[in-house]
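The values are calculated or read from the model by the stated rules, or taken from the named source; none is laboratory data. Bear in mind the structure is a predicted one, so any value in this text is a computation, not a measurement. We place every Cβ from the backbone using ideal geometry, glycine too, and count neighbours over all the protein chains shown.
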Amino acid sequence: MTQTTMRSAGMTSSRRNAPPALEVFTTLAVRCRVAFLDRHPGVTSWLLVLPGTIWMMLFVGIPLASIVLFSFWRSGFAGLVPDYNVENYAALLGGRTFWRITLWTYEVVLMALAGVIILAYPAAYAIWRVVRDDRWKTAVLLLCIVPFWTSYLTRTITWLPMFGREGVVNRVLVALGVIGEPLEILLYTPYSMMWGLWSLYIVFMIGPLYHSMTKIDEDVMSAAAMLGATPVRTFFHVVLPLTRPGLMAGSLFVMVLGLGEFFTERVIGGAQNPMLAGLILRQIDIFQWASASAIAVTLTFLTLVTVSAMLRLFDLRKV
Amino acid sequence: MSDEGTQVSRREFVQAGLQLGAALGVSGLGGLTIVGEAGAQTKRQYPWESLPTGETAPPTKLHLRTIGLGVSVQDRFLREFERRTGHKATGKVTGLTPMITEWLAGGYRNYDTNETNANRNAALWNAKLLQPIPVEKVVPWKAARDLFTNPKALGHDEVSGWPLVEIWVNPTTQKEFKLVPQFFNCDSIGYRYDLIKEDVTSWGSLVDPKYKGKVGILNDSLLTPGWCAGYMKKNNLAQIKRSDNMTRKELDTVIDFLIKRKREGQFRAIWEDYGQCVNMLASGEIWLADSWNPVVEDVKKQGVVCKYAFPKEGFTAWFHGVAIAKDTPNLQAAIDYVNFCLEGWWGAQVAPQGYYSPTTTCEAYLKASKRSDSQGRFNDYEWWYLGGESEEPKKGWPIRGRDTGSFRKRWSNVMHWMVWPDDADYYAKRWNDFLSA
């Protein structure tokens, strides 16, 4: 290619992409920016977190601050009245009902957590150790996740035809002669609520546990076996300690989701034992926005305390 | 009239129109349908009046945006409104509290009308989000039932002043509406006659140990204590002055009574929404519940033997209405919508759900239809308003006609209207005590 042709080709390319002046300006700007960021490395970090911070401020910080503010106002029939007082908190914290419901909420969440751990450990362990083929591992993991492609509401309501008086379980048990009359304990009881919660939350435990298990070095497992440890001993002395990060991550998910739970209690728990989040809705139903805000703030505070306590037990950054 | 309601045969249409005009004797509606058998020409005085099948009004630039419950904001209603008026119509279906909350939070600007329960409408009126509607703009109101105009009418509560106090800016002069009544009814007990094997005649059945573990009650801090108070008052179980608006002491008595029953295992479940109550009754999870008329009708449609009780203590009454947003840019469409809801067709559509229309204009449509009676002996007016085979509440099973008898029977047996109590906050507090007990 001759020099003239090359110059001509270069000019064509330059015209096609950007005017030379703009190209020069862009290059200079990039160099200046790089030089600036080199001299002030802290700024890069700030710039990186800026979009997320703005987003969180707009859609989490401001609404949360508003709810805190409203919790000190008064509910009028035609809206909130900015009449600052602490009566909402005094009425809430001074009554036995709130503490009874709070205690019940923690009871439910802890029972849900215990059940989920007991169910999820064997499942995750089986996927990790028993299923050897990677394709099958993926398939089984997918099976665990597939129900979560449907909405939370659908998954909860599904229990009604399963456990109702005329539901699948009762019909099968009656047909097999195991029971004479349909069992009513299967629906609209605290037990039925628990089964619902386990099914809803189990995937949040299986995932982190399985992830933790896959990080265990195969040599460690071999060493345990060579030293004569039975599978049970290996599980309790090797697998369990090494999967603590997954356990903690899963527990955090379950605790946070459980503390905000209201729908399962309403739909399959028979709505006879409200939890804290449900209490908020019941206040809103009769326009008591201020006291609903006070409950929401208290629930947020309790959740933060719970999460902080869990994080003090284990540093999640190790996961 | 077909199931869709909009597909009216020519003969039925002519008959309905003429009956309507004659029934009303109203000049404004007299010319509703001037339709010859051969020619399909319609002279309408107002855009919301009926239009023969196949005809569609030319489109206008107005757009009706409404919000309400699924029972009143239905696609088939909005499409018929569009067809008749040419106004575009869109609706949002939501719950009673969310719709009020949305409006109070500034969302009223997105709507022209609000279709809500009268006991919550004061929240919008007091917040000055609504505009008064001159009575002369609502033409079918000339055929209003006296329950909504006369303080001496059957069913009117002289103590609370309901329903008049929530309808009118000034109940005495009755010149402007705060809320135009759209449909109304009263609540009672839905029960599975096949399982209970007797007729329920008292609210007390819901707290009767005989039905322990078989009862469902509504999760509502106002309504449930309300019927319980009425039951206790009428049976001299407590000193209660007003069961619709209790003092703290009276409410304490009622809630403590309910808590005692709950701890004894009386209640199988606490239902929260319409569909849930239908499912619970239809599946036999519960045998009886404080219920709504359409719930029972829906359970019946599933082939289940379910009845609606005529309680000796009386029914709990309510009405829904249409209110118009204060700054609506589609005022004429909103006015037309209010008229459309009262013209008769709309009222006839909701009658098979168990609801009553505040104007008698629906009668012509109902008299032209026999959908509710499989044997074709009674027309829909006779079935839903006159009670079918007798004016009396129906005993046993099967029944032919309305469970609770005629309109007159039902409205002569009202316990109270569902007003918003003075101390709703305390109702909520004590209801939470009940729930967590």
Discussion item. Out of everything in region B:72-131 that is part of a strand (DSSP E or B), of a type in the set (Ser, Thr, Tyr) and away from chain A (no Cβ under 14 Å), what residue ends up being farthest from residue B:52 (Cα to Cα)?
Written reply: B:113
Response to the item:
Expected single match for of a type outside the set (A, V, I, L, M), under 24 Å from residue B:304 (Cβ atoms) and touching a Phe, Trp or Tyr at 6+ places or on another chain (Cβ under 8 Å) among B:194, B:208 is B:194
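Considering region B:73-108 alone, what residues qualify as being of a type in the set (Gly, Ala, Ser) and at pLDDT below 95?
So the first thing to find is which residues in region B:73-108 are of a type in the set (Gly, Ala, Ser), and the list is B:86, B:89, B:91, B:95, B:105-107.
Residues satisfying the conditions are B:95, B:105, B:106, B:107.
Tell me whether region A:119-132 contains one or more residues that are modelled with pLDDT under 90 and closer than 26 Å to residue A:203 by Cβ.
Looking only at region A:119-132, we keep the residues that are modelled with pLDDT under 90, and these are A:132.
From what is left, the residues that are closer than 26 Å to residue A:203 by Cβ are A:132.
Scanning region A:119-132 turns up at least one residue that is modelled with pLDDT under 90 and closer than 26 Å to residue A:203 by Cβ.
Quick check: anything in region A:262-276 away from every other protein chain (no Cβ under 14 Å) and either crowded, with 21+ Cβ neighbours inside 10 Å or within 23 Å of residue A:99 (Cα to Cα) (or both)? Even if it seems obvious, please write down each step before you answer.
Step one: filter region A:262-276 for residues away from every other protein chain (no Cβ under 14 Å), giving none.
So far as region A:262-276 goes, no, none of its residues is away from every other protein chain (no Cβ under 14 Å) and either crowded, with 21+ Cβ neighbours inside 10 Å or within 23 Å of residue A:99 (Cα to Cα) (or both).
Looking only at region B:244-260, decide whether some residue is under 19 Å from residue B:417 (Cβ atoms), touching a His at 6+ places or on another chain (Cβ under 8 Å) and of a type outside the set (Asp, Glu).
Initial filter on region B:244-260 (under 19 Å from residue B:417 (Cβ atoms)): B:244-247, B:250-251, B:254.
When the remaining residues are screened for being touching a His at 6+ places or on another chain (Cβ under 8 Å), the result is B:244.
With of a type outside the set (Asp, Glu) added as a condition, the list becomes none.
Looking for residues that are under 19 Å from residue B:417 (Cβ atoms), touching a His at 6+ places or on another chain (Cβ under 8 Å) and of a type outside the set (Asp, Glu), one finds none in region B:244-260, hence no.
Could you tell me which residue of region A:68-86 is farthest from the chain's Cα centre (by Cα), considering only residues that are in a helix (DSSP H, G or I) and surrounded by fewer than 16 Cβ atoms within 10 Å (Cβ to Cβ)?
Keep residues of region A:68-86 that are in a helix (DSSP H, G or I), which gives A:68-70.
Filter once more, keeping what is surrounded by fewer than 16 Cβ atoms within 10 Å (Cβ to Cβ): A:68-69.
Working: A:68: 23, A:69: 27 Å.
Looking at residues that are in a helix (DSSP H, G or I) and surrounded by fewer than 16 Cβ atoms within 10 Å (Cβ to Cβ), I get A:69.
Looking at region B:190-199, which of the residues that are away from chain A (no Cβ under 14 Å) and under 27 Å from the mean Cα position of the chain (by Cα) is farthest from residue B:281 (Cα to Cα)?
Narrowing region B:190-199 to residues away from chain A (no Cβ under 14 Å): B:190-191, B:193, B:196-199.
With the extra rule that they be under 27 Å from the mean Cα position of the chain (by Cα), the set shrinks to B:190-191, B:193, B:199.
Working: B:190: 8, B:191: 7, B:193: 11, B:199: 16 Å.
Selected residue: B:199.
Whether any residue in region A:65-81 is among the aromatic types (Phe, Trp, Tyr) and either at pLDDT below 85 or at positive phi (or both) is what I want to check. Working first, answer last.
Step one: of region A:65-81, the residues among the aromatic types (Phe, Trp, Tyr) are A:70, A:72-73, A:77.
Narrowing further to those that are either at pLDDT below 85 or at positive phi (or both): A:77.
Scanning region A:65-81, I find at least one residue that is among the aromatic types (Phe, Trp, Tyr) and either at pLDDT below 85 or at positive phi (or both), so the answer is yes.
Would you check if there is a residue in region A:107-124 being on the phi < 0 side of the Ramachandran plot, free of Cβ contacts under 8 Å to residues at least 60 places away in the same chain and within 14 Å of chain B (Cβ to nearest Cβ)? Steps first, please.
In the first step, residues of region A:107-124 are kept if they are on the phi < 0 side of the Ramachandran plot; the result is A:107-124.
Pick out the ones that are also free of Cβ contacts under 8 Å to residues at least 60 places away in the same chain and you get A:107, A:110, A:114, A:118, A:122.
Checking the rest, the ones that are also within 14 Å of chain B (Cβ to nearest Cβ) come to A:107.
So far as region A:107-124 goes, yes, one or more of its residues are on the phi < 0 side of the Ramachandran plot, free of Cβ contacts under 8 Å to residues at least 60 places away in the same chain and within 14 Å of chain B (Cβ to nearest Cβ).
Any residue that is more than 12 Å from chain B (Cβ to nearest Cβ) and touching a residue at least 40 places away in the same chain (Cβ under 8 Å) - is there at least one of those in region A:92-105? Before you say what the answer is, go through the steps one by one.
Let us first name the residues in region A:92-105 that are more than 12 Å from chain B (Cβ to nearest Cβ), namely A:93.
Then keep just the ones that are touching a residue at least 40 places away in the same chain (Cβ under 8 Å); that gives A:93.
Yes.
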Discussion item. Looking for something without any contact (Cβ under 8 Å) to a residue 40 or more places away in the chain and either assigned by TED's automatic domain parsing to the domain that holds residue A:294 or within 30 Å of residue A:277 (Cα to Cα) (or both) - is there at least one such residue anywhere in region A:37-52?
Written reply: yes
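Does any residue of region A:305-312 turn out to be among the small types (Gly, Ala, Ser) and at pLDDT below 95? Break it down into steps so the answer makes sense when it comes.
Quick first cut of region A:305-312, residues among the small types (Gly, Ala, Ser) only: A:308-309.
Checking which are at pLDDT below 95 leaves us with A:308-309.
Yes, region A:305-312 contains at least one residue that is among the small types (Gly, Ala, Ser) and at pLDDT below 95.
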Fill in: Residue, nearest to the other protein chains (Cβ to nearest Cβ), within region A:277-302, restricted to residues that are under 13 Å from residue A:105 (Cβ atoms) and buried (at least 17 other Cβ atoms within 10 Å of the Cβ)
A:279
Worksheet item: Looking at this structure, is residue B:337 out of contact with any Asp or Glu (no Cβ under 8 Å at 6 or more places or on another chain), touching a residue at least 60 places away in the same chain (Cβ under 8 Å) and either of a type outside the set (A, V, I, L, M) or surrounded by 22 or more Cβ atoms within 10 Å (Cβ to Cβ) (or both)?
Response: no
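Quick one: would you say residue B:307 is over 30 Å from residue B:402 (Cβ atoms), modelled with pLDDT of 95 or more and basic (Lys, Arg)? Working first, answer last.
On the way: over 30 Å from residue B:402 (Cβ atoms): no; modelled with pLDDT of 95 or more: yes; basic (Lys, Arg): yes.
Judged against the criteria, residue B:307 is not a match.
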Worksheet item: Residues in region B:380-432 that are of a type in the set (D, E, K, R), within 14 Å of chain A (Cβ to nearest Cβ), touching a helix residue (DSSP H, G or I) at 6+ places or on another chain (Cβ under 8 Å) and surrounded by fewer than 18 Cβ atoms within 10 Å (Cβ to Cβ): how many?
Response: 1
Practice prompt. Exactly one condition in (1) farther than 27 Å from residue A:286 by Cβ; (2) surrounded by fewer than 16 Cβ atoms within 10 Å (Cβ to Cβ); (3) within 14 Å of chain A (Cβ to nearest Cβ); (4) of a type in the set (A, V, I, L, M) is not met by residue B:153; state its number.
Written response: (3)
Worksheet item: So which residues in region A:131-161 are within 22 Å of residue A:213 (Cα to Cα) and either without any contact (Cβ under 8 Å) to a residue 12 or more places away in the chain or within 14 Å of another protein chain (Cβ to nearest Cβ) (or both), if there are any at all?
Response: A:131, A:132, A:133, A:134, A:135, A:136, A:137, A:138, A:139, A:142, A:143, A:146
